[in-house]
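These notes concern the structure reproduced below.
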Amino acid sequence: MPDRDALPWRPYPPLSDAERIARARAFSDAMQSRRSCRMFSDAPVPREVIDAALAAAGSAPSGANRQPWHFSIVSSDEAKCAIRIAAEEEERAFYDGRAGSEWLEALWPLGTKADKPFLETAPWLIVVFAQRRGGPDPDNPKQNYYVTESVGLACGLLLATLHQAGVATLVHTPNPMRFLNRVCRRPDNEKPVMIIVAGHPGPDATIPAHAIEKKSLEQIASWL
């Protein structure tokens, strides 16, 4: 195989350990304030904010650098209405028995239900698709690797960027989601993963008290 091209590592700005700790804690504190919003206003959010968040998502690490994701950005009233109608149909089946009692019991403290008005109210819906195959040549797609993990990393950066920009978000995952391929005009070999709702919180927005409860560092990490 030919030699691989390589570029020099671009060093981080020089920082003291104290500065690194302060930066890490400041970012952690900012992200601790992120909450899922279920009551949005229709106030606009500049497209430039969404562009920047997508650029951050696109910088995520991915298996073999295949970047196996596609983001469909939905802002038209017609498309948002179509998504809401299809999503609520699946949600009604979910809450009417498909989910099972244990799942519904877990959701009860959050107060979620089948009605999803935010899918039409919020200015932006970002529909995330995972690509099992892809590459620069659409006529000769290649196998992608670690697709689920790669897409999850990209979505995390997307959510973090929107939060840092003061934009409220919600991850919505109706199941099944194949209707999103039709609405977003994406090929059948792409798997819809989630809808990220982005906008400003409504004037009467609330947060379930249960959502504030987070596991402690000792519960989520171990040191070896």
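For this structure, a couple of remarks:
- Selection of the range 151-190 for residues being open to solvent by less than 70 Å² (accessible area, probe 1.4 Å) and on the phi > 0 side of the Ramachandran plot yields only G166.
- Residue within the range 95-118 that is on the phi < 0 side of the Ramachandran plot, of a type in the set (S, T, N, Q) and at pLDDT 95 or above present: no
- Residue match in the range 146-164 (condition: at pLDDT 95 or above, part of a loop (DSSP other than H, G, I, E, B) and closer than 29 Å to I85 by Cα): no
- Checked against the criterion of being in a loop (DSSP other than H, G, I, E, B) and touching a Phe, Trp or Tyr at 6+ places or on another chain (Cβ under 8 Å), the candidates N175, N140 yield just one match: N175.
- Of all residues making up the range 103-150, the number that are without any contact (Cβ under 8 Å) to a residue 40 or more places away in the chain, open to solvent by less than 60 Å² (accessible area, probe 1.4 Å) and small (G, A, S): 1
- Residues in the range 1-28 that are surrounded by 10 or more Cβ atoms within 10 Å (Cβ to Cβ), of a type in the set (D, E, K, R) and assigned to a loop (DSSP other than H, G, I, E, B): none.
- With respect to the stated conditions, I196 fails to be open to solvent by 80 Å² or more (accessible area, probe 1.4 Å) and of a type in the set (A, V, I, L, M).
- Looking across the range 35-91, the residues that are part of a helix (DSSP H, G or I), among the basic types (K, R) and open to solvent by 40 Å² or more (accessible area, probe 1.4 Å) come down to R47, R84.
- Residues of the range 182-224 that are out of contact with any Lys or Arg (no Cβ under 9 Å at 6 or more places or on another chain), over 23 Å from I83 (Cβ atoms), hydrophobic (A, V, I, L, M, F, W, C) and outside any helix (DSSP H, G or I): A221, W223, L224.
The values are calculated or read from the model by the stated rules, or taken from the named source; none is laboratory data. Predicted model, so just to flag it, every value in this text is computed and none were measured. Virtual Cβ from ideal backbone geometry, glycine too; neighbours counted across all protein chains shown. With ligands, DNA and RNA removed, areas are computed over all heavy atoms of the protein, side chains included. Shrake-Rupley method; radii C 1.70, N 1.55, O 1.52, S 1.80 Å.
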